[in-house]
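Participant: Quick one: the structure is below, and I'll ask about it shortly.
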Amino acid sequence: MAINLIKNPDERNDPPRPLLEHLLALRDMIVFGAVAWVACATICAICTPWIMAWLKSPAGEDGKLLQGLDLTSGVSAIISIAGWGGTALAFPFIIYAILRFVFPALTNREKFVILAIMIVGTFFFLGGVVMAYEKTLPMIVVAFQAINRWVGFEMEILRIENYISIVLKTIIAFGLVFQLPLILFVLGWFGILTSKVLREKRRVAIVLSFFLAMFLTPPDPMSQIFMAVPLSLLYELSIWAIWLKEKGSSK
């Protein structure tokens, strides 16, 4: 890929094809993605006991209090883990199917940029997941328990359904929010945004970061701060990345 990019970055390798062939390729892409999702969801459903143990870990010792209070609690947990986990696990295969469909029509330069964005985006997503799992979720549990004790509620049982919902939403939210610098850089790459505009809107971006964190995290200050502060730092990183790209383009 890199060698072809250097030799002829604007080369295409997709000869003109009839519409029917494109439709068949589109069908294959959809079928491949659907089969991948079903397979990954099935794997996650089978591995529910181990995934559940992983999800309960941020609760610490309070994980012993997590219980299912309904007859269908186990089924609900399997469905939630299969749905969310299957989507996350199948995402690389779905992206592969999409790229296999669109890559022949792209130039080598465009292929290189898309692959680089995917790799960087994956690292950012994993960074958000680690931040949520290692730092934010344990503090959310401690904060909620402290609030419960302060108002006089001694929690002896925690509903597993509500806990799983909070954990999965928090992890997914952090992973998606950490894609912000990548989105801004892509917009800057195509000239839609400039580093000057981003600098001028810095204060607005900081306010929006806290506003967004208020909706994407549970209603406690610590989890909101743990999302808003990295989001603001990533916004600043985006400004410098776009500025460096602009300097390189000007040269």
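The values are calculated or read from the model by the stated rules, or taken from the named source; none is laboratory data. Every value quoted in this text rests on a predicted model; they were computed, and no experiment measured them. No Cβ is skipped: glycine too gets one built from the backbone with ideal geometry, and neighbour counts run over all protein chains shown. When the accessible area is computed, the model is the full protein with side chains, heavy atoms only, and any ligands, DNA or RNA have been set aside. Shrake-Rupley method; radii C 1.70, N 1.55, O 1.52, S 1.80 Å.
Participant: Select from region 101-117 the residues that are open to solvent by 70 Å² or more (accessible area, probe 1.4 Å) and among the hydrophobic types (A, V, I, L, M, F, W, C) and list them in ascending order.
Facilitator: Restricting attention to region 101-117, the residues satisfying the condition of being open to solvent by 70 Å² or more (accessible area, probe 1.4 Å) are 109-110, 112.
Matches in region 101-117: Phe112 only.
Participant: Could you list, in sequence order, all residues of region 59-100 that are open to solvent by less than 40 Å² (accessible area, probe 1.4 Å) and at pLDDT below 75?
Facilitator: Gly63
Participant: Within region 189-246, take every residue that is among the acidic types (Asp, Glu) and at pLDDT 80 or above and give me the one that is surrounded by the most Cβ atoms within 10 Å (Cβ to Cβ).
Facilitator: Pass one, region 189-246, residues among the acidic types (Asp, Glu): 200, 220, 236, 246.
Restricting the remaining residues to those that are at pLDDT 80 or above gives 200, 236.
Numbers: Glu200: 11, Glu236: 15.
Only one residue fits best here, namely Glu236.
Participant: For the condition more than 26 Å from Leu71 (Cα to Cα), open to solvent by less than 60 Å² (accessible area, probe 1.4 Å) and modelled with pLDDT under 80, what is the one hit in Val177, Val186?
Facilitator: Val186 is the lone residue from the list that is more than 26 Å from Leu71 (Cα to Cα), open to solvent by less than 60 Å² (accessible area, probe 1.4 Å) and modelled with pLDDT under 80.
Participant: Counting only residues that are under 14 Å from Ile98 (Cα atoms) and loosely packed, with under 14 Cβ neighbours inside 10 Å, which one in region 1-29 is modelled with the lowest pLDDT?
Facilitator: Just the residues of region 1-29 that are under 14 Å from Ile98 (Cα atoms), to begin with: 22-29.
After this cut, where a residue has to be loosely packed, with under 14 Cβ neighbours inside 10 Å as well, the list is 22-24, 26-28.
Values: His22: 65, Leu23: 77, Leu24: 78, Leu26: 80, Arg27: 84, Asp28: 83.
Per the criteria, the residue is His22.
Participant: Sort out for me the helices (runs of 4 or more DSSP H) sitting completely within region 94-203 that have 2 or more residues that are under 17 Å from the mean Cα position of the chain (by Cα). Quick ask: steps written out before the conclusion?
Facilitator: Details: elements: 108-131, 137-150, 160-177, 180-189, 195-200.
Answer list for region 94-203: 108-131, 160-177, 180-189.
Participant: Just give me the residues in region 118-134 being in contact (Cβ under 8 Å) with a residue 40 or more places away in the chain and either β-branched (Val, Ile, Thr) or crowded, with 16+ Cβ neighbours inside 10 Å (or both), in sequence order.
Facilitator: Result: Val120, Gly121, Phe124, Phe125, Gly128, Val129, Met131, Ala132, Tyr133.
Participant: Among the residues of region 54-85, what is the count of those that are closer than 15 Å to Leu158 by Cα and part of a helix (DSSP H, G or I)?
Facilitator: Restricting attention to region 54-85, the residues satisfying the condition of being closer than 15 Å to Leu158 by Cα are 55-70, 73-74, 77.
From what is left, the residues that are part of a helix (DSSP H, G or I) are 55-65, 73-74, 77.
The total comes to 14.
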